[in-house]
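This report refers to the structure that appears directly beneath it.
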Amino acid sequence: MNDFSYLHTNCFELSIYVGCDKYPHESELPEEWENNRESLIVFMEQVHRGIKGVVKDVHGKGIPNAVISVEGVNHDIRTGK
């Protein structure tokens, strides 16, 4: 579903598994958090990388369905409503 969403809806979804047990017991969660806290925080900070913004017309109104292309990236995206 993650790849489909990215390619067809402009929604970037991500699943992260930090261990071999997909459904650890509740009692194991504090230890799992401590084992992975720093790397997960650094990963979340990556949201601030890249290009972001709002596509507006000369009157400052958003432009729905505008196509955004990046040279060297073979995946255009469109703005929302």
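Each reported figure results from applying straightforward, stated rules to the coordinates on display, with no laboratory input. Worth saying up front: this structure is predicted, and the values here are computed from it rather than measured. For neighbour counting, all protein chains shown are included, and Cβ atoms are generated from backbone atoms with ideal geometry for every residue, glycine included.
What to note about this one:
- Here the alpha carbons of segment 1-79 define both size measures, Rg and Dmax, at 18.3, 56 Å.
- Projecting label points 7 angstrom from Cα along Cα→Cβ for Thr9 and Val58 puts them 3.7 nm apart.
- Whole-Hz ³J(HN,Hα) from phi, Karplus 6.51 cos²θ - 1.76 cosθ + 1.60, for segment 60-66, glycine and proline x: x, 8, x, 9, x, 6, 6
- 3J(HN,Hα) along segment 45-58: 5, 5, 4, 8, 8, x, 10, 8, x, 10, 8, 10, 8, 5 Hz, from the Karplus curve 6.51 cos²θ - 1.76 cosθ + 1.60 with θ = phi - 60°, whole Hz, x for Gly and Pro.
- Per residue, the average separation of C-alpha pairs within less than 8 Å and at least 6 apart gives segment 1-79 a relative contact order of 18 percent.
- Pairwise Lys count, the chain - Cα closer than 17 Å, eight or more residues apart or different chains: 4
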